[in-house]
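These notes concern the structure reproduced below.
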Amino acid sequence: MLIGPPGSGKSTIASTLAPLLRAQVISNDALRKQLWGKENVQGPWAVLEHLLHEAIDSAVAAGDNVLLDATHAQLSWRQRLMHRNLGTPHMQWIGWWIQTPLDQCLAWNRSRQRSVPEALIRAMHIRLTTPPDRPDASEGFTSLIHLNPADSHLKDQIHGALQTIRRHEER
């Protein structure tokens with residue numbers, strides 16, 4: 001589960017991690033485009049959530065690893081996903097907390113074709129850095145991995161994260 005405000009680099013990280021984890025990326029933006037023709041259409045959440053759950057269920061049933069690409073900026077959103085019964089008794093949830101500095105999120109957002117209102121980015125950035133929505137391993141994550149895509153050592157961060165995941169899998 002990727003966690004981070006808009007413009008933090010979640011989709012870029014997802015595309016980097018997917019082949020390394022042999023994971024299918026399920027993106028709320030892609031689901032919005034599938035449902036309503038555009039990634040930025042904020043249609044009824046219940047409709048999107050149903051399609052999201054179907055996509056997750058299908059991937060898990062096929063034995064696939066899944067990377068969820070969305071902000072997951074509220075604890076309640078993360079909990080609703082993690083506490084669903086997916087028919088897998090030992091589901092491992094790994095949180096990928098994308099901790100891009102706010103100024104960099106805003107700069108990257110300005111350079112995107114599909115930008116998000118800056119007020120929304122600021123609000124989500126604050127939400128993710130303060131309780132109760134600040135991500136914490138106690139939410140039920142097997143691992144909570146911190147990544148900063150703006151750091152020049154991102155490859156080293158990812159390498160270290162993959163080693164952490166492998167150690168958990170060996171237990």
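The values are calculated or read from the model by the stated rules, or taken from the named source; none is laboratory data. Small disclaimer: the values here were computed from a predicted structure and weren't measured. Quick reminder, even Gly has a Cβ in these numbers, built from the backbone with ideal geometry, and neighbours come from all protein chains shown. These accessible areas exclude ligands, DNA and RNA; they are computed on the full protein's heavy atoms, side chains included. Shrake-Rupley method; radii C 1.70, N 1.55, O 1.52, S 1.80 Å.
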Go through (1) at pLDDT 95 or above; (2) open to solvent by less than 80 Å² (accessible area, probe 1.4 Å); (3) farther than 21 Å from Ser15 by Cβ and name the single condition Trp97 misses. (3)
Could you please give the count of residues in region 1-42 that are over 21 Å from Pro135 (Cβ atoms), of a type in the set (S, T, N, Q) and either open to solvent by 80 Å² or more (accessible area, probe 1.4 Å) or in contact with a Cys (Cβ under 7 Å, 6 or more places away or on another chain) (or both)? 3
Cβ contacts < 8 Å: first residue without any contact (Cβ under 8 Å) to a residue 40 or more places away in the chain, restricted to region 160-171; second residue among the polar types (S, T, N, Q) and open to solvent by less than 40 Å² (accessible area, probe 1.4 Å), any location; separation 6+ or different chain. Result? Thr164/Ser143
Would a scan of region 130-153 turn up a residue that is assigned to a helix (DSSP H, G or I), in contact with a strand residue (DSSP E or B) (Cβ under 9 Å, 6 or more places away or on another chain), surrounded by fewer than 15 Cβ atoms within 10 Å (Cβ to Cβ) and touching a residue at least 24 places away in the same chain (Cβ under 8 Å)? yes
Please go through region 41-82 and give me each residue that is in a helix (DSSP H, G or I) and of a type outside the set (A, V, I, L, M, F, W, C), ordered by number. Glu49, His50, His53, Glu54, Asp57, Ser58, Ser76, Arg78, Gln79, Arg80
For region 76-89 the number of residues that are over 20 Å from Ala14 (Cα atoms) and open to solvent by 40 Å² or more (accessible area, probe 1.4 Å) is 9
Go through (1) part of a loop (DSSP other than H, G, I, E, B); (2) free of Cβ contacts under 8 Å to residues at least 24 places away in the same chain one by one and return the number of the condition Gly7 breaks. (2)
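One line per residue, one yes/no per condition, for (1) on the phi < 0 side of the Ramachandran plot; (2) modelled with pLDDT of 95 or more; (3) exposed (fewer than 13 other Cβ atoms within 10 Å of the Cβ):
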| site | (1), (2), (3) |
| --- | --- |
| His53 | yes, no, no |
| Asp64 | yes, no, no |
| Gln74 | yes, yes, no |
| Gln113 | yes, no, yes |
All-but-one check, Trp97 against (1) under 21 Å from Pro149 (Cα atoms); (2) assigned to a loop (DSSP other than H, G, I, E, B); (3) of a type outside the set (S, T, N, Q); (4) touching a strand residue (DSSP E or B) at 6+ places or on another chain (Cβ under 9 Å), failing number (2)
